[in-house]
1. Being assigned to a strand (DSSP E or B) and either of a type outside the set (Val, Ile, Thr) or under 26 Å from PHE125 (Cβ atoms) (or both) is true for just one of LEU28, LEU109, LEU81, LEU52. Which residue is that?
2. Is it the case that the range 30-53 has a residue that's open to solvent by less than 80 Å² (accessible area, probe 1.4 Å), among the β-branched types (Val, Ile, Thr) and over 26 Å from MET1 (Cβ atoms)?
3. If you scan the range 43-94, which residues turn out to be out of contact with any helix residue (DSSP H, G or I) (no Cβ under 7 Å at 6 or more places or on another chain) and β-branched (Val, Ile, Thr)?
4. So which residues in the range 74-83 are free of Cβ contacts under 8 Å to residues at least 40 places away in the same chain and either surrounded by 12 or more Cβ atoms within 10 Å (Cβ to Cβ) or out of contact with any strand residue (DSSP E or B) (no Cβ under 8 Å at 6 or more places or on another chain) (or both)?
5. With (1) outside any strand (DSSP E or B); (2) open to solvent by 70 Å² or more (accessible area, probe 1.4 Å); (3) without any contact (Cβ under 8 Å) to a residue 24 or more places away in the chain as the list, and GLU69 as the residue in question, which single condition is left unmet?
6. Of the numbered conditions (1) in contact (Cβ under 8 Å) with a residue 12 or more places away in the chain; (2) among the aliphatic types (A, V, I, L, M); (3) surrounded by 13 or more Cβ atoms within 10 Å (Cβ to Cβ), LEU2 fails exactly one; give the number of that condition.
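The values are calculated or read from the model by the stated rules, or taken from the named source; none is laboratory data. It should be emphasised that the depicted structure is a prediction, and the values quoted were computed from it without experimental measurement. Quick reminder, even Gly has a Cβ in these numbers, built from the backbone with ideal geometry, and neighbours come from all protein chains shown. Just so you know, the surface numbers come from the protein's heavy atoms only, side chains and all, with ligands and any DNA or RNA stripped out. Shrake-Rupley method; radii C 1.70, N 1.55, O 1.52, S 1.80 Å.
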Amino acid sequence: MLTNLKQKLVELELYLLKSDVRSSSDELDLLIHEDFHEFGASGTSFGKREVLERLPKEKCPNFCATSFELRLISKDLAQLLYRATMKKHDEFNTRYSLRSSLWKYNEELDEWQMIFHQGTPCEPF
């Protein structure tokens with residue numbers, strides 16, 4: 001079961017990093033829980049409303065996510081830990097971060113939704 005759940009959540013996490021998904025308020029609305037909260041790598045904090053307003057307007061950076069680990073916190077809450085690189089189109093340097101996402105199972109939708117995310121800048125790996 002954990003292997004299947006890990007595969008499902010990794011797929012959802014990678015899906016959220018795609019340009020066409022990040023530019024779609026409808027897709028984001030389905031993937032992000034109503035109680036979503038994020039601590040961004042920039043030090044800012046925001047919720048679902050801000051994500052739905054801001055992300056579709058931004059040019060999507062190039063992401064590479066690796067080294068996924070899954071922690072099952074309860075039957076309907078799981079944490080996905082991973083490393084990511086990000087390069088914005090107008091920047092020369094690649095940014096490195098350690099990331100953590102909490103995914104909550106929504107029974108009404110019969111689907112997992114991201115309820116929390118944090119990206120913490122780190123040294124290159």
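1. Residue meeting the stated conditions: LEU81.
2. The answer is yes, given that some residue of the range 30-53 is open to solvent by less than 80 Å² (accessible area, probe 1.4 Å), among the β-branched types (Val, Ile, Thr) and over 26 Å from MET1 (Cβ atoms).
3. If the condition is that a residue be out of contact with any helix residue (DSSP H, G or I) (no Cβ under 7 Å at 6 or more places or on another chain) and β-branched (Val, Ile, Thr), then THR44, THR66, ILE73, THR85, THR94 are the ones that fit.
4. SER74, ASP76, LEU77, GLN79, LEU81 - these are the residues of the range 74-83 that are free of Cβ contacts under 8 Å to residues at least 40 places away in the same chain and either surrounded by 12 or more Cβ atoms within 10 Å (Cβ to Cβ) or out of contact with any strand residue (DSSP E or B) (no Cβ under 8 Å at 6 or more places or on another chain) (or both).
5. (1)
6. Every condition holds for LEU2 apart from (3).
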